[in-house]
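Asker: Sharing a structure below in structure tokens format, with a few things to ask.
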């Protein structure tokens, strides 16, 4: 029988990420699994936003961003998990989201990652890249992807 002991729920606090929340709570309850709620501070903020020699990057120190994200995560957990999930681990890390999610899953011996998709079209995903797609391809464990419920599937 399948036994899930640790479930990873990466969130960016967006409405899209909430699509996976019901699955996380239900699976955690069903398997009596520990939930790891992870937020990655995307270090892409350090990239130069302007063009030319006089462009100045908009940069906040990583520690400030992580501290702010930790507060957001605490509020997020309180709002969306409340007392329903006593076995909950929270973590905030900085880096490239897909890399950090995969590394966290390896280090914590995660059994299942439950992650939502943003429902972008094929062109947008190809140009922007998809965190979810990269996690699916490179994760050390099973990955359940949850499509945004507002996304409508269209047959060409």
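The values are calculated or read from the model by the stated rules, or taken from the named source; none is laboratory data. Keep in mind that what you see is a predicted model, and the values were worked out from it rather than measured. Here Cβ is always computed from backbone atoms with ideal geometry, including for glycine, and neighbour counts include all displayed protein chains.
Asker: Do we find that residue 29 is modelled with pLDDT of 95 or more and farther than 13 Å from residue 10 by Cα in this structure?
Answerer: So residue 29 does not fit the description; no.
Asker: Go through the stretch 46-156 and tell me which helices (runs of 4 or more DSSP H), entirely inside it, have 1 or more residues that are farther than 14 Å from residue 17 by Cβ and modelled with pLDDT of 75 or more.
Answerer: It comes to 62-80, 97-107, 131-138.
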